[in-house]
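Q: Before anything else, here's the structure in question.
The values are calculated or read from the model by the stated rules, or taken from the named source; none is laboratory data. Not measured: the values here are computed from a predicted model. Note that we place each Cβ from the backbone using ideal geometry, even for glycine, and neighbour counts take in every protein chain shown. Only protein heavy atoms, including side chains, enter the accessible area calculation; ligands, DNA and RNA are left aside. Shrake-Rupley method; radii C 1.70, N 1.55, O 1.52, S 1.80 Å.
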Amino acid sequence: MKILVGISGGIAAYKSPDLVRQLKKSGVEVRVAMTKAATSFISPLTLQAVSGNPVSTDLLDPEAEAGMGHIELARWADLILIAPATADLIARLAMGMANDLVSTLCLATTAPIAVAPAMNLQMWANPATQDNIKQLQQRNISILGPDTGEQACGETGLGRMLEPAQLVAECELFNNQVELTLTGKKLLITAGPTREDIDPVRYLSNYSSGKMGFALAKAAFLAGAEVTLIAGPVNIESLHSIKRINVISARDMYKAVHEQITDQDIFIGCAAVADYRVSEVAHQKIKKNDQQLVLTMVENPDIIASVTTLKNKPFCVGFAAETTDVLKYAKQKLSKKNLNMICANDVSNCEIGFNSDCNQLTVINADGQSVIFEKESKASLSRKLINLIAEQLPSTQRD
Ligand code: PMT
């Protein structure tokens, strides 16, 4: 994929070299065009070094026109990503102006355009900016963000540019190699661990990083599904376009799942939910008085099993994390929890499963048929698993 990154003059331009670096790392070919104001924040030389290509800054540059001129550059791109996009550039794009190189490229291209706004929160909230954004959306220009948080001006609110990693992930949506197998479907997924409090400073949990569940959520989104991700405490960014609900304990996760489950076509339980919690959480820090501490545990509700008892139950996919007799226990869980499909995950192998970037699964459906997914990255494995789920959806749910 070839992405032309357009940089306009905002403080968030300091993140642009990292964005270009991350895009290149993900296999994208990158060229950069900058507005004059952008060059006051970051040097074209830096971007030339990270992109590995000359950087274009002038519309009327005889040297550039003799090489890759602005029309060739506009034709070259599979996607134009404007990041950061200032209020001024957004206004000029809305007006269809071509008074500098970046705005001209946007006017001259037939490729999709995505815009990552970055500005002060009042400028973002201003009706003029909001009208301009609506105009861009009506012309099928994608608006990525903005995010909320601390701003360079010292205020806190909506207007921060999305982080480079999020923008890189969003760009994959424009890579038309992804099969749209779940268009129109709603998919709810749990990911990560849960935490069960012992006292105000201690908890019980497990090694789930959330990588598998987040990769599946992204793959489902790229396949066209409307995705809701219920995440335990993890340190991973999710796609901006995915609805994310953060939870801590198994009971929080249970509640969030049941608040979101209506109308879902598919439910995937990828979270490593704590089976037990401490029966009584101490209100104060437990003191080290004795050589032994005995905790009494009670069972947590089984989230996925409760979903499969619903009248309009979605297509339910569970995971079975096992260290011995993996297939035997996975099959037992498939039938006991009344699932449509289960992914048997051998978590005794530290190269796959918990916290690894790779996984290896045996997927068994309710008829007992199984498919083996050999060890590969969680991202590519997720694409395959999502396609398998799409194939196995009952025809009533598929259409
Ligand atoms: O997050 P990563 O580091 O990427 O690791 C991925 C993973 C190893 C966590 C993942 O691939 C995985 O195997 N997830 C399931 C972990 C687990 O808790 O398995 P289980 O065999 O204990 O549970 C069986 C199924 O019941 C799972 O779908 C689980 O989400 C669900 N469950 C379990 C207990 C409970 N109270 N409620 C549930 O819904």
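Q: If you check every pair at least six apart or on different chains, which have Cβ atoms under 8 Å apart with a residue in segment 330-343 that is at positive phi first and a residue that is more than 8 Å from the ligand (Cβ to nearest atom) and open to solvent by less than 20 Å² (accessible area, probe 1.4 Å) second?
A: Filtered contacts from segment 330-343: Asn338/Thr308; Asn338/Cys316.
Q: Right, here's the next one. Run down Leu93, Leu107 and say which single residue is open to solvent by 20 Å² or more (accessible area, probe 1.4 Å) and in a helix (DSSP H, G or I).
A: On the way: Leu93 fails: open to solvent by 20 Å² or more (accessible area, probe 1.4 Å).
The conditions single out Leu107.
Q: Can you name every residue in segment 246-289 that is among the polar types (S, T, N, Q), closer than 25 Å to Ala390 by Cβ and open to solvent by 60 Å² or more (accessible area, probe 1.4 Å)? So that I can check it myself, show each step before the final result.
A: Filtering segment 246-289 down to residues among the polar types (S, T, N, Q) leaves 246, 249, 260, 262, 264, 279, 284, 289.
So of that shortlist, the ones also closer than 25 Å to Ala390 by Cβ come out as 260, 262, 264.
Scanning segment 246-289 gives a single hit, Thr262.
Q: Hey, another quick one. Does Ser395 satisfy the condition of being under 23 Å from the mean Cα position of the chain (by Cα), exposed (fewer than 15 other Cβ atoms within 10 Å of the Cβ) and modelled with pLDDT under 95?
A: Working: under 23 Å from the mean Cα position of the chain (by Cα): no; exposed (fewer than 15 other Cβ atoms within 10 Å of the Cβ): yes; modelled with pLDDT under 95: yes.
The answer is no for Ser395.
Q: Next question. Among the residues of segment 345-360, write down those that are in contact (Cβ under 8 Å) with a residue 24 or more places away in the chain and over 19 Å from Lys384 (Cβ atoms). It would help to see each step written out before you state the result.
A: Filtering segment 345-360 down to residues in contact (Cβ under 8 Å) with a residue 24 or more places away in the chain leaves 345-348, 351, 353-357, 359.
Val347, Ser348, Phe354, Asn355 - these are the residues of segment 345-360 that are in contact (Cβ under 8 Å) with a residue 24 or more places away in the chain and over 19 Å from Lys384 (Cβ atoms).
Q: Based on this model, can you work out whether Leu385 counts as more than 12 Å from the ligand (Cβ to nearest atom) and either assigned by TED's automatic domain parsing to the domain that holds Met253 or aliphatic (A, V, I, L, M) (or both)?
A: Details: more than 12 Å from the ligand (Cβ to nearest atom): no; either assigned by TED's automatic domain parsing to the domain that holds Met253 or aliphatic (A, V, I, L, M) (or both): yes.
Here the answer is no, as Leu385 does not meet what is asked.
Q: Whether any residue in segment 221-236 is assigned to a loop (DSSP other than H, G, I, E, B) and touching a His at 6+ places or on another chain (Cβ under 9 Å) is what I want to check.
A: Checked segment 221-236: no residue is assigned to a loop (DSSP other than H, G, I, E, B) and touching a His at 6+ places or on another chain (Cβ under 9 Å).
Q: Scan segment 120-154 for residues that are in contact (Cβ under 8 Å) with a residue 40 or more places away in the chain, assigned to a loop (DSSP other than H, G, I, E, B) and either open to solvent by 60 Å² or more (accessible area, probe 1.4 Å) or on the phi > 0 side of the Ramachandran plot (or both) and report the count.
A: Counting residues in segment 120-154 that are in contact (Cβ under 8 Å) with a residue 40 or more places away in the chain, assigned to a loop (DSSP other than H, G, I, E, B) and either open to solvent by 60 Å² or more (accessible area, probe 1.4 Å) or on the phi > 0 side of the Ramachandran plot (or both) gives 2.
Q: Name the residues in segment 145-196 that are among the aliphatic types (A, V, I, L, M) and closer than 30 Å to Tyr276 by Cα, would you? Break it down stepwise before answering.
A: In the first step, residues of segment 145-196 are kept if they are among the aliphatic types (A, V, I, L, M); the result is 152, 158, 161-162, 165, 167-169, 173, 178, 180, 182, 187-189, 191.
Residues satisfying the conditions are Leu187, Leu188, Ile189, Ala191.
Q: Any chance segment 220-227 includes a residue that's under 20 Å from Phe354 (Cβ atoms), β-branched (Val, Ile, Thr) and at pLDDT 95 or above? Before you say what the answer is, go through the steps one by one.
A: Within segment 220-227, the first condition is being under 20 Å from Phe354 (Cβ atoms), and the residues that meet it are none.
Checking segment 220-227: not a single residue is under 20 Å from Phe354 (Cβ atoms), β-branched (Val, Ile, Thr) and at pLDDT 95 or above.
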